[in-house]
Amino acid sequence: MRERDLVGYGRTPPRFAWPDGARVVVNVVLVYEEGSEYSVLWGDDRNDGWGEYPEPGVQPPQRDPGTESHYEYGSRAGVWRLARLFDAAGIPVTVSAAAIALELNPAVAEWMREQDHDLMGHGWRWIELWRLSREEEREHLLRALETFERVLGQRPVGWNCRSWPSENTRELLVEEGGFLYDSDASADDLPYYTRSLGRPFLVVPYTKTYNDSRYVVNPGFGSPRDFLDTLESGLDELVREGAERPAMMTVAVHARWSGQAARAAAVRAFLEHALATPGVSFMRRVDIARWWLDTYPP
């Protein structure tokens, strides 16, 4: 059974530093799941939800063309609007991608290679891994790695599940090997070490706060201005604190949600604010993990 750590770095944390003395390192995560969601088209016993409305939508045995089109917006238009935005800002991003999503739209993998954006594994498909047995989850992990290597030309060194991991997820990553970190926890403002199968393992914490999924939960963001205000307020406070305790800020955006024009405007405004703020730098997640492992080994 996994033990809980409710103490962390505690009241007087040790001194940490980022490259070039940055007060805050921002990691932008582009979440790409389109086409890997639950659907009777793929033989599932349900269709995934739209995410924008409380109604469950069309259910088996019928397909749900309306909801399918919502995901297709992310892959056809949203991901490219965000890609243009990131490229124009000149920032490195991390793509949290489901393997099947990249397989169905290889141009996204091509863009990642061209711009040297790193991959965080987001499953073989965008499904709830805690519903699977340990062996089923292992099979999904191996399928994902094979697909990433075939479509992208590389395997991920970090991992992030849909919503929540299972009790087996971290152990399976450690058993498989080749992973530097996982990001299924949201427990800190800095990377930290835990233990799995008797050995130390790095966690690069994720966020459910600076995350555009709050557009589709209640209470959540009523408008893009709410998201922008949350991002800017969070960054400004972390920069203020960063004089004494540097921090990391993850900003997670989904192709089908923040790829919409109004919401993309909020992302663009935040990037402009962050780039103009002294003491802020952008890093890929893999580079954060490697820096921590090299500079602050377990």
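Here are the numbers for the structure shown:
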quantity	calculated
From phi via Karplus (6.51, -1.76, 1.60), per-residue ³J(HN,Hα) for segment 269-275 in Hz, x at Gly/Pro	4, 5, 4, 4, 5, 5, 5
Per-residue HN-Hα couplings for segment 241-251 [Karplus 6.51, -1.76, 1.60; θ = phi - 60°; Hz; x = Gly/Pro]	5, x, 4, 10, 9, x, 9, 10, 10, 8, 10
Kirkwood-type radius of segment 68-134, with distances r between different C-alpha atoms, in Å	13.1
Estimated FRET transfer efficiency (R76, N218; beta-carbon r; R0 30 Å; 0.05)	0.60
Under DSSP loop assignment and at most 15 Cβ neighbours within 10 Å, longest GluC sites (Glu not before Pro)-free interval of the chain	168-243
Carbon + sulfur, % of accessible area of the chain - ligands and nucleic acids excluded, 1.4 Å	50
FRET efficiency, 1/(1 + (r/R0)^6) with R0 30 Å, evaluated for R150 and R199 via beta carbons	0.55
Longest to shortest principal axis, alpha-carbon extents of segment 129-205, angstrom	33, 28, 25
5 angstrom amide H check on F282, placed H, neighbours 5+ away	V26
Globularity ratio of the chain, using Cα Rg and 2.2 N^0.38 Å	0.98
Relative counts (whole %) of C-alpha pair distances in segment 151-298, using bins that are 5 Å wide	2, 8, 16, 19, 18, 16, 11, 7, 1, 0
Added length on full extension, which subtracts the Cα-Cα distance from 0.36 nm per residue, D188 to R15	60.8 nm
Distance cut-off 20 Å, percentage of C-alpha pairs in segment 18-85 lying past it	44
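The values are calculated or read from the model by the stated rules, or taken from the named source; none is laboratory data. Bear in mind that the values here come from a model prediction, so they are computed numbers and not experimental data. Cβ coordinates were reconstructed from backbone atoms using ideal geometry, including for glycine residues, and neighbour counts include every protein chain displayed. These area figures cover heavy atoms from the full protein model, side chains too; ligands, DNA and RNA do not enter into them. Shrake-Rupley method; radii C 1.70, N 1.55, O 1.52, S 1.80 Å.
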